Amino acid sequence: MNAPVQMTILQSSVMAILQAVAAIIFIFVVVPMTIYAERKVIGHAQDRLGATRIAGRRVGLTGFLNKWMWRMGKVPLLSYWRGLPMLVGDIAKMFLKEDVVPSKADRAIFLAAPCLSMIAAVVVFAAISFSPGALFTLPKWFPIVGGLPFNGAMTDMNVGLLFILGIASVGVYGIVLGAWASNSKYPLLGGLRSGAQIVSYEVPLTLSLLAPVVLAGTLNFGTLTRVLAVETSPLAIPLMVVGFLVYLTCGFAETNRVPFDMPEAENELVAGFHTEYSGMRFGFFYLAEYINMVVVSCLAGAFFLGGPWLLPFGLHQFIAHVPVVGQPCALWFVLKIIFLLWVFIWVRATIPRYRYDQIMAVAWKYLIPMTLVLVVLAGVVKFVA
Amino acid sequence: MKKILRTLIPIDIAKGLKVTGTYFFKVFLTANRAKKRPHGTQEYPEVPVKLAPRFRGRLTMLKDEQGEIKCVCCLACEKICPTQVITIESGKKEGRKTKIPTRYDFEMERCIFCEFCVESCGFDSIILNHQFELAAYDREDFSIGMLGKEHNMFETTPVGKFSYSDED
C-alpha cells in the first residue's frame, strides 16, 4: 500500500470525477462487447457462426458496412469480426425508435423506472476496487491534479460490501415499478415474479458473501479482496470453491439471466416487465441487465477468484513471493471479469429455463441451507486458523 | 437421499456445459480458417453453397452424345405430374426410330419440385438440376419451353443480380 497523499478538496473532487468517467468508459466498453459476444458465443455453442451481417440490404449505411466487412473478411483474421457493425445498428435503433408511453400508464413512475434500474446498476461501481494502490500516476502537466496517483478504487470505503449489496437491491424497484406503472397484465405478472424471485435470491446471495466476510473479518472491498486472495488459511479453499458456485447461481438469478429469467419469460409473458417499453427506455433496462452482469462478475472475481491477484480461491498465497506474477495487477481482474461474463453466456447457451416453483425450491430448500452451513464452516476455519 | 445429492452436486449441468463448451471451442478455434470449418452454417450469398447430391432443383432435359434429345415422348412425366406442369407434343424426325418432342412446356410457377417426373422417366432423359436461385422479375420467365435463348429446357436459368456478392 502506498502512503496516502494529502489532497485538497478541489483536487479530490476533480479526481473523483475523473475516476467516475473512467468507470463509465469501462462500463460502456465492456457492455457492448458483451452484447456482441453473446451473439457470437451462443452461435458457436450451437454450431453456428453467430452474427455476420447487419441486414440483407445493399443500400445505405448498413449495406455499405456489410459489403466492406465481407470484403475485408476475405482476410482470414478479420472474418471473425464480421458482424461487429451490428453494434452500431443496435445503438442507432435504440436511439431512433419512438418512445411510446401507454395512455393509461402511471406516467411519472413509468418514466422513472428505467432510470432507477440503470442508476442502481451503475452506482455500484463506486465501491469496487480494481487494484490495490494506484493504477498509474497522472502526468505533471495535468491541470489541478497533475502528479497525483490515480487509484484503482474510486472510494474504498469501510462498508463497501454493504453499500454494494444495498444499492444492488434497489435495482429490483426499477423492474417492479416499471411493471406496475405499465398498467398491463403481462408486465405486472413479470414484475411480481421478478419481485418474489429477486427477494428470495437476495438471501442466499448475501449469505454466500457472508462466508468470505467471516473469513476476512472486514467489509472493506480492497481489504476483503487482499485477505481472501493471499492471507486466508489453506483450510478455507474448499469453502471458497463451493461459495463461488453458490454465489454464481444466485448471481444468475439476481441479474435475471437465462436459467432464472422469470421476469421476461418470452414464451409466457410476451416480454415480461418491459413489454410496454420501447426505444431508449427499453435500452436502459437492457443495459442495466448487462451492467448487473458486470457487477456480479466483479464481485465473484474479487471475492472468490482472487481479484487482481493471479490465482483463484486463495491459492495465491503459495506464489505470493514470486517476483512478477505474485504482484497484484488490474489486468488479471479484468481478465477474470471477462471470463465470468463468458460463463454467463455459456450457461445461457446450455441450460433451459426452470419452472417457477423449481426456482423457488432451489433458493429456499437448497441454497439457503447450503450457505448457512458455509457460514458456520467459515467460522470454524477462522477459529482453527 | 439420491435426489438431494443429485440436486446438490450439479453433475447433469456440468455434462450439458461440457457439450456446449466443446462446440464453442471447436467453432471458435476454426472460425477463421478457410479450409477446416466444422460449423453447420453456410455463408450463402458470399460463399457458394454446397448442396446435397439429391437436391431437387429445376427440371432440365438431357441430350445424348450426338446432341439428340433423349426424350421419346412416352408422356409418363406428363401423366404422373401432380400439378400438371408438363405439356408434351410429339412429332417425327428423319432418321430417328422413336418419336421426338416438338413441344415440351414446363410451367415452373406451379411446379412443386417433387421429382416424380424424373422417377417415372424410363429413358433417363430429364433430371432436376442443382439450381435454386430461380427468382425472376417477369412471370413469363417461369414458362419454360424448348425454344428461346435463355429460358429453355436445356440450360440453367440465368441468375439475376440480387445480392451484393453478385456485383463483382
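Bear in mind that the values in this text are calculations on the coordinates, not laboratory data. These figures come from a predicted structure and were not determined experimentally. As a convention, Cβ positions derive from the backbone with ideal geometry for all residues, glycine included, and neighbour counts pool all protein chains shown.
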With 10 Å bins from 0: P(r) over chain B, alpha-carbon pairs, percent = 8, 26, 22, 15, 12, 9, 6, 2, 0, 0
remark   = chymotrypsin sites (Phe, Trp or Tyr not before Pro) in segment A:76-166 lying in a DSSP loop, each with at most 14 other Cβ atoms within 10 Å of its Cβ, come to A:141
task = Determine the shape class of segment A:128-277: with a ≥ b ≥ c the square roots of the Cα gyration tensor eigenvalues, call it rounded for a/c under 1.5, and otherwise prolate if a/b is greater than b/c, oblate otherwise.
result = oblate
query = Helix B:11-30 sits at what angle to the longest principal axis of chain B, using alpha carbons and giving 0 to 90 degrees rounded to 10?
reply = 50 degrees
task = Mind putting a number on the dipole of the protein assembly as shown about its Cα centre? Charges go on the C-beta only, +1 for Lys and Arg and -1 for Asp and Glu, and I need it in Debye to the nearest 20.
result = 960 debye
query = Which whole-number percentage describes the relative contact order of chain B, with Cα contacts under 8 Å and a sequence gap of 6 or more?
reply = 21 percent
message = Below 8 Å, C-alpha to C-alpha, sequence gap of six or more: please give me the relative contact order for chain A in percent.
response = 20 percent
request  = About the Cα centre of chain B, how large is the charge dipole given +1 on each Lys and Arg Cβ and -1 on each Asp and Glu Cβ? Please answer in debye to the nearest 20.
outcome  = 1460 debye
inquiry  = Suppose we keep just the DSSP beta bridges with both residues in chain B; what percent of those would be antiparallel, to 5?
reply    = 90 percent
ask   = So, in nm, how far is label residue A:199 from label residue B:66 when the simple model puts each one 7 Å beyond its Cα toward the Cβ?
value = 9.2 nm
ask   = Relative contact order (percent) for segment A:159-279, with alpha-carbon contacts under 8 angstrom and 6 or more residues of separation?
value = 37 percent
message = Please give the charge dipole size of segment A:230-326, origin at the Cα centre, charges +1 on K and R Cβ atoms and -1 on D and E Cβ atoms. Round to the nearest 20 debye.
response = 360 debye
request  = Towards the positive end of the charge dipole of segment A:147-263, with charges on Cβ (+1 Lys, Arg; -1 Asp, Glu), say which of A:190, A:248, A:155 has the farthest Cα.
outcome  = A:190
key: Pairs of Lys in chain A closer than 24 Å at Cα, counting only those 8 or more apart or on different chains   = 7
remark   = Among chymotrypsin sites (Phe, Trp or Tyr not before Pro) in segment A:270-313, those in a DSSP loop whose Cβ has at most 15 other Cβ atoms within 10 Å are none
request  = Per DSSP H run of n ≥ 4, the term is -39500 (n - 2.57); total these for chain A, divide by its residue number, and report the mean residue ellipticity at 222 nm rounded to 500 deg cm²/dmol.
outcome  = -20000 deg cm²/dmol
message = Given the DSSP H assignment, sum -39500 (n - 2.57) over each helix run of at least 4 residues in chain B and divide by its residue total; what's the result at 222 nm in deg cm²/dmol, nearest 500?
response = -6500 deg cm²/dmol
remark   = Sorting A:293, A:7, A:318 by the position of each Cα along the dipole of chain A (Lys, Arg +1; Asp, Glu -1; all at Cβ), the one nearest the positive end of that ordering is A:293
task = Counting other Cβ atoms within 10 Å, keep those with at most 12, restrict to DSSP loop, and tell me which GluC sites (Glu not before Pro) in segment A:264-296 are left.
result = A:266
inquiry  = Taking beta carbons within 10 Å but only from partner chains, what does the mean come to for residues A:340-349?
reply    = 2
query = Can you give the percent of C-alpha pairs in the protein assembly as shown whose distance is more than 37 Å?
reply = 50 percent
request  = Report the one residue of A:275, A:210, A:237 whose Cα lies farthest in the direction of the positive end of the charge dipole of segment A:203-295 (charges on C-beta: Lys and Arg +1, Asp and Glu -1; origin at the Cα centre).
outcome  = A:237
ask   = Under a plain spin-label model, where a point goes 7 Å from the Cα along Cα-to-Cβ, how far apart in nm are residue A:235 and residue A:142?
value = 4.5 nm
ask   = Per q in 0.16 1/Å, what log10 I(q)/I(0) does a Debye calculation on the alpha-carbon atoms of segment A:220-348 return?
value = -0.80
